[in-house]
Amino acid sequence: MGRKLLLEHINVPGINTFDVYRSKGGYASVEKALKTLTPEEVVEEVKKSGLRGRGGAGFPTGMKWSFLAKPEGVARYLVCNADESEPGTFKDRYLMTYIPHLLIEGMIVSSFALGAKTSYIYVRGEMMPQIRILEKAIAEAKAAGFLGKNILGTGYDLELYVQPGGGAYICGEETALLESLEGKRGNPRIKPPFPAIAGLYGCPTVVNNVESIAAVVPIINEGGEEYAKVGIGRSTGTKLISAGGNIKNPGVYEIDLGLPVEEFLYSDEYCGGIANGKRLKAVVAGGSSVPILPANLFLKTINNEPRLMSYESLSDGGFVSGSMMGSGGFIAFDEDQCIVRNTWNFTRFYHHESCGQCSPCREGTGWMEKVLHRLEHGHGSLSDMDLLVDVSKKIEGNTICPLGDAAAWPVASAIRHFRDEFEWHVTHANEATTRNYGLAHYADPLPAPEPKPEATA
Amino acid sequence: MLRVEDTVQAAPVEFSAGLIEKFADIVSRYPEGKQKSALLPILHLVQAEFGWTSAPAMDKVAEYLKLQPIEVYEVASFYSMYFLRPQGKYVLEVCRTGPCCLVGAEKIMDHIEQKLGVIEGEITADGLFSWRGVECLAACGYGPVLQIGPEYTFYENLTNDSVDKLVEDLKAKGK
Ligand SMILES: Cc1cc2nc3c(=O)[nH]c(=O)nc-3n(C[C@H](O)[C@H](O)[C@H](O)COP(=O)(O)O)c2cc1C
Ligand code: SF4
Ligand code: FES
């Protein structure tokens, strides 16, 4: 069992209150950073830690911080992305609900590192209870002198506010989030300029995920190098995985990056295997946006090596036979699930959530939804699969923000790996409305590895 | 969609002193001149107070924040949480996205429809309930789930029985 860097004290009664949190060593990183380190040294530790953004893109946090422009006399902002809306992902809600002070502590240290005097936590509007929890935690931290003017007598001032969203997946995209925080529709901005140059109110801004900010706490407490010892290769540290779907023990787990997926899925310490004695059919490993894999390709890479829960291993095989870590939203499908129906459901989601600025995304998601709907309801034709792939290709890479790609990948990968199930929905249209295709060959052992295939990205 | 008839039918609103005080507290969180940032939080407060965001209420918000009314309408109509027409006193918002469907969300929605006797979006005759499907609520491990505003109380691992009980409890409370 790995060490818990974020959730070590999650089960301590009262850990959501300042006093208990503090008694367990909470806010030590604020004391250490503000009293013994310069902002540059904090950034340096985060760089050394190898921490990669936990919001989905996996961009190195320290590097992102070092890009922040610092013009004289211009305010800088840190905005925490707590919009958590990627289907399959519920770790940030968990963290904010049960150990809110970890996020507040991380926000103070990170704001100090970036030179921000006002910071915002943008929480999706539906999480009103979490907004109340965070506001209470902020008030407690402020009363104890960890926020406000002249924190711990160091001369550093910081105000921290919680901002609710209005219900829109797209506001998780960082520039849409900033638009929303400015009181506008959540239309993503064209980049460049990047937020590091012109973000909130046109000022240099860093946007980071809840978990990324929380991870700054152990990084500062233990040092970046220590943090980097956990994990594997360029996947350093621990990661919160939201595990859901047809597993025995759904929930949020903190794992050491590099844990074998088989252990994660089947050991009782984590998912505990597939619920109701069923067999695994497919997995979406990192939230609805990442490619879906059949059971066999999920458990092993195309070269028959065991897959690991790491950025590199999950994407091993590129889009031909791999997936992505994404946001860590782990969704397991048992043998009774219909891939066509799920693909239609996800596509309906993206169509609903498209902000409508770019025609390939706005129209393409609508077309894909329509075609998938007719396939699922027994009115499809065999040419529909090529049509879907064609539409997905026309969206991918041709839009302002990555929501277009996020809508295209699940469709393209479902057809790549489950084409026979899609075809069966056409050739056995009546049967398909009354029963599912079942497990078929999706869990069969992989054929012996061929001469190394080129990984395409 | 904002419909003309909603706009016409909606009664004028007054914001209480207490509500205005809350608005002012929100505006103070942003730099001078950036009061538009307060729009989303203020619309939530308005909806909590009146049950929906009517055109007269949005006009008042525009006036308060020194915005054009269209700036408020375009925001309220972009985000899914703001109701642009009246709702039941309790709006049951059920997650309808993939992961919840893997664990029975569709059946729960069918059950809610039966139990309440109204289709998605309609209000029960007693004015107490309406319901709708919403997208992933970041609680996929505890599905099926639903939420009820304005506090967005959460109900997890729903079964037909727990839905029945919830509806009965709310009926008793709402009378
Ligand atoms: C459509 C879309 C939705 C996103 N949703 C979220 C989200 O809910 N939470 C999040 O942290 N990042 C989300 N992201 C990623 C953010 O744009 C951004 O990369 C992230 O907040 C950066 O933080 P990190 O570097 O700490 O991961 C989303 C991106 C896209 C394109
Ligand atoms: S890709 Fe889609 S969501 Fe992103 S900006 Fe374009 S239309 Fe909006
Ligand atoms: S899919 Fe229902 S909460 Fe995420």
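The values are calculated or read from the model by the stated rules, or taken from the named source; none is laboratory data. If you're wondering where the values come from, they're calculated on a predicted model, not measured in any experiment. Glycine also receives a Cβ, built like all others from the backbone with ideal geometry; neighbour counts cover every protein chain displayed.
List the pairs whose first member sits in region B:138-150 and is part of a strand (DSSP E or B), whose second member is more than 7 Å from ligand 3 (Cβ to nearest atom) and of a type in the set (V, I, T), and whose Cβ atoms are under 6 Å apart, counting only residues at least 6 apart or on separate chains?
If the second residue must be more than 7 Å from ligand 3 (Cβ to nearest atom) and of a type in the set (V, I, T), the pairs left are B:L146/B:V94.
Can you tell me which of (1) crowded, with 24+ Cβ neighbours inside 10 Å; (2) within 14 Å of chain B (Cβ to nearest Cβ); (3) touching a strand residue (DSSP E or B) at 6+ places or on another chain (Cβ under 7 Å) is the one A:M127 doesn't meet?
(3)
Examine region A:185-196 for a residue that is away from ligand 1 (no atom under 16 Å from the Cβ) and out of contact with any strand residue (DSSP E or B) (no Cβ under 8 Å at 6 or more places or on another chain), and state whether such a residue exists. Steps first, please.
Within region A:185-196, the subset away from ligand 1 (no atom under 16 Å from the Cβ) is none.
No - not one qualifying residue is present in region A:185-196.
Which members of region A:350-364 meet the condition of being surrounded by 24 or more Cβ atoms within 10 Å (Cβ to Cβ) and either more than 11 Å from chain B (Cβ to nearest Cβ) or at pLDDT below 95 (or both)?
Scanning region A:350-364 gives A:S354, A:C361, A:G364.
Quick check, is B:P56 under 28 Å from A:A82 (Cα atoms) and either assigned to a loop (DSSP other than H, G, I, E, B) or modelled with pLDDT of 95 or more (or both)? It would help to see each step written out before you state the result.
Details: under 28 Å from A:A82 (Cα atoms): no; either assigned to a loop (DSSP other than H, G, I, E, B) or modelled with pLDDT of 95 or more (or both): yes.
Taking the combined requirement at face value, the residue does not satisfy it.
Return the residue satisfying two criteria in turn: it lies in region A:66-92 and is of a type in the set (S, T, Y) and facing chain B (nearest Cβ under 7 Å), and of such residues it is nearest to the chain's Cα centre (by Cα).
Residues of region A:66-92 of a type in the set (S, T, Y): A:66, A:77, A:85, A:89.
From the residues that got through so far, the ones that are facing chain B (nearest Cβ under 7 Å) too are A:85, A:89.
Numbers: A:S85: 9, A:T89: 7 Å.
The selected residue is A:T89.
Which one of these does B:I20 not meet: (1) buried (at least 16 other Cβ atoms within 10 Å of the Cβ); (2) among the hydrophobic types (A, V, I, L, M, F, W, C); (3) within 26 Å of A:E159 (Cα to Cα)?
(1) is the only condition that B:I20 fails.
Could you say which residue among A:I274, A:I339, A:I292 is farther than 20 Å from A:S413 by Cβ, at pLDDT 95 or above and buried (at least 21 other Cβ atoms within 10 Å of the Cβ)?
On the way: A:I339 fails: farther than 20 Å from A:S413 by Cβ; A:I292 fails: farther than 20 Å from A:S413 by Cβ.
Every option except A:I274 fails the conditions.
From the set of residues in region A:222-257 that are touching a Gly at 6+ places or on another chain (Cβ under 6 Å) and surrounded by fewer than 20 Cβ atoms within 10 Å (Cβ to Cβ), which is farthest from A:G58 (Cα to Cα)?
A:K248
For region B:64-101, what are the residues that are among the β-branched types (V, I, T) and in a strand (DSSP E or B)?
B:V91, B:V94
Which one of these does A:A214 not meet: (1) more than 15 Å from ligand 2 (Cβ to nearest atom); (2) within 14 Å of chain B (Cβ to nearest Cβ); (3) surrounded by 24 or more Cβ atoms within 10 Å (Cβ to Cβ)?
If we test A:A214 against (1) more than 15 Å from ligand 2 (Cβ to nearest atom); (2) within 14 Å of chain B (Cβ to nearest Cβ); (3) surrounded by 24 or more Cβ atoms within 10 Å (Cβ to Cβ), just (2) comes out false.
Any chance you could count how many residues in region A:381-409 are part of a helix (DSSP H, G or I), more than 12 Å from ligand 2 (Cβ to nearest atom) and of a type in the set (A, V, I, L, M)? Step through it out loud before you land on a result.
Filtering region A:381-409 for residues part of a helix (DSSP H, G or I) gives A:384-395, A:403-409.
Of the ones still in play, those that are also more than 12 Å from ligand 2 (Cβ to nearest atom) are A:384-394, A:409.
Now restrict to residues that are of a type in the set (A, V, I, L, M): A:385, A:387-389, A:391.
Number of matching residues: 5.
Mind checking which residues of region B:39-83 are more than 15 Å from the chain's Cα centre (by Cα) and either at the interface with chain A (Cβ under 10 Å from one of its Cβ atoms) or among the charged types (D, E, K, R) (or both)?
B:L39, B:D59, B:K60, B:E63, B:L65, B:K66, B:L67, B:E71, B:V72, B:E74
For B:Q114, work out the one condition from (1) among the polar types (S, T, N, Q); (2) under 11 Å from the mean Cα position of the chain (by Cα); (3) part of a helix (DSSP H, G or I) it doesn't fulfil.
The one condition B:Q114 does not meet is (2).
Output the number of the condition that A:I151 fails; it satisfies all remaining conditions of (1) within 14 Å of chain B (Cβ to nearest Cβ); (2) surrounded by fewer than 24 Cβ atoms within 10 Å (Cβ to Cβ).
Answer for A:I151: the failing condition is (1).
Tell me, yes or no, whether region A:391-399 has at least one residue that is modelled with pLDDT of 95 or more and over 26 Å from A:M325 (Cβ atoms).
yes
Looking at (1) of a type outside the set (V, I, T); (2) away from ligand 2 (no atom under 16 Å from the Cβ); (3) modelled with pLDDT of 95 or more, which one does B:F78 not meet, given that it meets all the others?
(2)
Let's see how each residue does on (1) part of a strand (DSSP E or B); (2) within 18 Å of the chain's Cα centre (by Cα):
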| site | (1), (2) |
| --- | --- |
| A:T175 | no, yes |
| A:G183 | no, no |
| A:I190 | no, no |
| A:A196 | no, no |
| A:Y201 | no, no |
| A:S212 | no, yes |
| A:V217 | no, no |
| A:I241 | yes, yes |
| A:Y253 | yes, yes |
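Looking at the structure I just gave you, is A:G378 part of a loop (DSSP other than H, G, I, E, B), more than 14 Å from every other protein chain (Cβ to nearest Cβ) and either at pLDDT below 95 or within 16 Å of ligand 1 (Cβ to nearest atom) (or both)?
Values: part of a loop (DSSP other than H, G, I, E, B): yes; more than 14 Å from every other protein chain (Cβ to nearest Cβ): yes; either at pLDDT below 95 or within 16 Å of ligand 1 (Cβ to nearest atom) (or both): yes.
The answer is yes for A:G378.
Filtering region B:93-145 down to residues that are hydroxyl-bearing (S, T, Y) and more than 8 Å from chain A (Cβ to nearest Cβ), which residue is farthest from ligand 3 (Cβ to nearest atom)?
Within region B:93-145, the first condition is being hydroxyl-bearing (S, T, Y), and the residues that meet it are B:97, B:124, B:130, B:142.
From what is left, the residues that are more than 8 Å from chain A (Cβ to nearest Cβ) are B:124, B:130.
Working: B:T124: 24, B:S130: 20 Å.
Per the stated criteria, the residue is B:T124.
Pull up region A:30-45, narrow it to residues that are buried (at least 23 other Cβ atoms within 10 Å of the Cβ) and either at pLDDT below 95 or closer than 21 Å to A:L147 by Cβ (or both), then point me to the one that is nearest to ligand 2 (Cβ to nearest atom).
A:V42
When only residues in region B:104-123 that are of a type in the set (A, V, I, L, M, F, W, C) and within 16 Å of B:E135 (Cβ to Cβ) count, which is nearest to ligand 1 (Cβ to nearest atom)? It would help to see each step written out before you state the result.
First, the residues of region B:104-123 that are of a type in the set (A, V, I, L, M, F, W, C): B:105, B:108-109, B:112, B:116, B:118-119, B:123.
In the following step, the residues that additionally are within 16 Å of B:E135 (Cβ to Cβ) were identified as B:105, B:108-109.
Working: B:A105: 20, B:I108: 25, B:M109: 24 Å.
Looking at residues that are of a type in the set (A, V, I, L, M, F, W, C) and within 16 Å of B:E135 (Cβ to Cβ), I get B:A105.
Of the residues that make up region A:418-428, is at least one more than 22 Å from A:V284 (Cα to Cα), more than 16 Å from ligand 2 (Cβ to nearest atom), assigned to a helix (DSSP H, G or I) and among the polar types (S, T, N, Q)?
yes
Please pick out the residue among A:L160, A:L178 that is closer than 22 Å to A:K70 by Cα, touching a helix residue (DSSP H, G or I) at 6+ places or on another chain (Cβ under 9 Å) and away from ligand 1 (no atom under 16 Å from the Cβ). Walk me through how you get there before you give the answer.
On the way: A:L178 fails: away from ligand 1 (no atom under 16 Å from the Cβ).
A:L160 is the lone residue from the list that is closer than 22 Å to A:K70 by Cα, touching a helix residue (DSSP H, G or I) at 6+ places or on another chain (Cβ under 9 Å) and away from ligand 1 (no atom under 16 Å from the Cβ).
Looking at (1) part of a helix (DSSP H, G or I); (2) on the phi < 0 side of the Ramachandran plot, which one does A:Q337 not meet, given that it meets all the others?
(1)
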